[in-house]
Each structure stands twice: as structure tokens, then as C-alpha cells.
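These notes concern the structure reproduced below.
The values are calculated or read from the model by the stated rules, or taken from the named source; none is laboratory data. Everything quoted here is computed from the prediction, not taken from an experiment. Here the Cβ positions follow ideal geometry from the backbone for every residue, glycine too, while neighbour counts run over all protein chains shown.
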Amino acid sequence: MAKYPFIQEAKEWVKNEKISIEEILNDAVYERARIRAVERVEEAMEHGIINNAGCINQTDCMMEIFSYPIARMIVVSIESDFLLRRYALAEAKKAYENLKNENREIIEYIAKEFAIEIKNGTIHFSDYLKYAPTWDIRWKLVNRIMNKGYIQLSYREITRLLQEAIRKKIQNELFYMFSPPDVKKIFNEFIIKMKNKLALKGDKKFEGEASFKDFPPCIKNLISAVKSGINVPHVGRFTLVTFLNAIGMPLEEILKIFSNSPDFNEEKTRYQIEHITGRISGTIYSVPKCSTIRTWGLCEPDELCKKVNHPLFYYRIKRRKK
């Protein structure tokens, strides 16, 4: 479970321990787990793979298991699709390095987590196509021997497929995750540090006007109102700034959007934007949920809105369809 904390068995173990999120985030007993969680995120960011922590005893293994959900909460709080994808891949690579040294029984056990049945070193072609890195000519189905729908693979090759299965699982779970507000408070300094590193690395997720059509209706309406010179209420400005900051729009671009406001004051507006985005306040405010935006009277839902509960989910789903 410490080596493969994404499996259902590990999740059940954590659940059965009956430790609250508040405890794991604040209690001194779990300080090692929090430190290790930061290490996981940092290693994913800097090296693209997470190193194995030495589990000498049961306590070490427990801290390693607990560090995994904490790391996930930190990644989600940083609100970077680039880091989200990189973290998922780094965890998958870590698992792959472990799986390469496992016996067949363990590999088959992990495969069952993804409903992949291994029969005498063969897997069904549907699982193969789902997880094989077919961009590499060696993995193209035409270059494989198939018998009655099953493809023969070495166990090393099967572990490579499992790496991709793990990556997809973690990435999809993070995509629909929200972190408790306390995560941003407790790891605030680290989150700001990582956001700055991402900016230096060129994590420019925003792509100008081309992205506007992917925005949820509430954000589109707010931008249109601001650009038309309509005086948008404070809650609307707050929602707009938090959303644009979360998708990676540079501060200067956000400032330009507000330049058409009837009461525009560059110095005051810049200060407000820097405060909301954590540049001067030390607190990076989260994008409000759809339920909150509805309460504020800013919601004009379309069909996709009925299927999501957060503006960022709407945006991500739209981007994924491309």
C-alpha cells in the first residue's frame, strides 16, 4: 500500500483509520506525512518522477500512505493543469519503477485494479489499445501478434501499460477533486512558491481570445459586461479575477479587461487583483463554486452547466473535447 497508494486497498485502509482531514492537516503526529507530501509535489515538478521513501517500519509506511492524499490536495490547490498532469505522470513513473521489480502475482494484482485480466502473459486487445503508447512504432497494434483477441506481452511490457493506466487514473481523479480551504492556508507559502516556479517555467495555460469560447456562461457574461463599460458588482469582479488567475491569465491581461470599467483606476484595480491572486496578500483566493455564483445572481446556465458544479470543471471539460 505504501508503494502503490492509489489502489483501492490503500483507500480503504485510510478510511478505516478514521482520521479526519483536520487531523491529518494539523496534528503534529502527521507532520512527517505533510513533509513527505510536499516532497512528492516538488519531486514531480522538478524531476518528473517521485522517489521512493524508505519504509523501514510500519510507521514509515503509514506516513508514506498518508502523504499521498495530502500531496493530491496540494496539487489541486495550486490550480495548474500542467502540474496536475505532471504529478499524475510522476506518480505513475514511481509505480512503474517499483513494478519492474515485482513478481508476477503483484503485477497481476495491480492490473486487477484497472480491470485488466492477464492470462499467461496475454491481455485483451481492448486493454492494450487503451493503455499502450502507440505513438511508438513498436507498440502499434499492427506490429503485435494477436490470437483470439489476446496479445502476448512480456511482464516488463505489461508494467509499462500499467504505468499509463495509473497515470490516467490519478489524472482523472485530480481533475474532479476539490481541496479543503485549510490546505491553502497550511501550505500557503509552498503553493505560492510553486505557482511562481510554474510561471518561470512558462506555464501559460491561457491562450488569449481563443480560450474565451471555452469559458462558462457566467464568466463570458462578466467579461462582456466589463468590456461594455457596465459597472460589475464586487462579487462579479472577484469571481472573474479568481477564474482568470486559476486558468493562468497574466496579471496584465486581467488588468486590460477591467480598463473599460466606468470607474477604472489602474492603481486601485491592480492592487485589488494582486490581493485576490495572492501576490501581496499571501492568500490565493479560490474560484467560487456554481452554487455560490447562483446565490449572487451571476449564473445563466447552459446545458453543460447542468452537469458540473464548478466553473473550472466547465472550462476543463470544454478544453478536453478539443
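A few points about this structure:
- None of Glu97, Glu117, Glu102 is within 27 Å of Arg34 (Cβ to Cβ) and in the same structural domain as Ile24 (by TED's automatic domain parsing) except Glu97.
- Entry remark, segment 160-198: residues being touching a helix residue (DSSP H, G or I) at 6+ places or on another chain (Cβ under 9 Å), over 22 Å from Glu22 (Cβ atoms) and polar (S, T, N, Q) number 3 in total.
- Subset of segment 134-165 (residues that are among the charged types (D, E, K, R), closer than 27 Å to Tyr4 by Cα and part of a helix (DSSP H, G or I)): Arg156, Glu157, Arg160, Glu164
- Only a single criterion out of (1) over 21 Å from Trp13 (Cα atoms); (2) of a type outside the set (Ser, Thr, Tyr); (3) buried (at least 16 other Cβ atoms within 10 Å of the Cβ) is not satisfied by Arg104, namely (3).
- Of all residues in segment 118-133 being part of a strand (DSSP E or B) and of a type outside the set (S, T, N, Q), the one that is surrounded by the fewest Cβ atoms within 10 Å (Cβ to Cβ): Lys119
- The one condition in (1) modelled with pLDDT under 90; (2) not in a loop (DSSP other than H, G, I, E, B) that Phe178 fails to fulfil: (2)
- Taken together, Ala95, Ala71 contain a single residue that is at pLDDT 95 or above, within 16 Å of the chain's Cα centre (by Cα) and outside any loop (DSSP other than H, G, I, E, B), which is Ala71.
- Residue count for segment 1-57, restricted to those that are assigned to a helix (DSSP H, G or I), surrounded by 14 or more Cβ atoms within 10 Å (Cβ to Cβ), in contact with a Pro (Cβ under 9 Å, 6 or more places away or on another chain) and touching a residue at least 40 places away in the same chain (Cβ under 8 Å): 4
- Helices (runs of 4 or more DSSP H) enclosed by segment 229-322 - at least 2 residues per element that are under 24 Å from the mean Cα position of the chain (by Cα) and more than 24 Å from Ile186 (Cβ to Cβ): 234-246, 251-258, 290-295, 311-320
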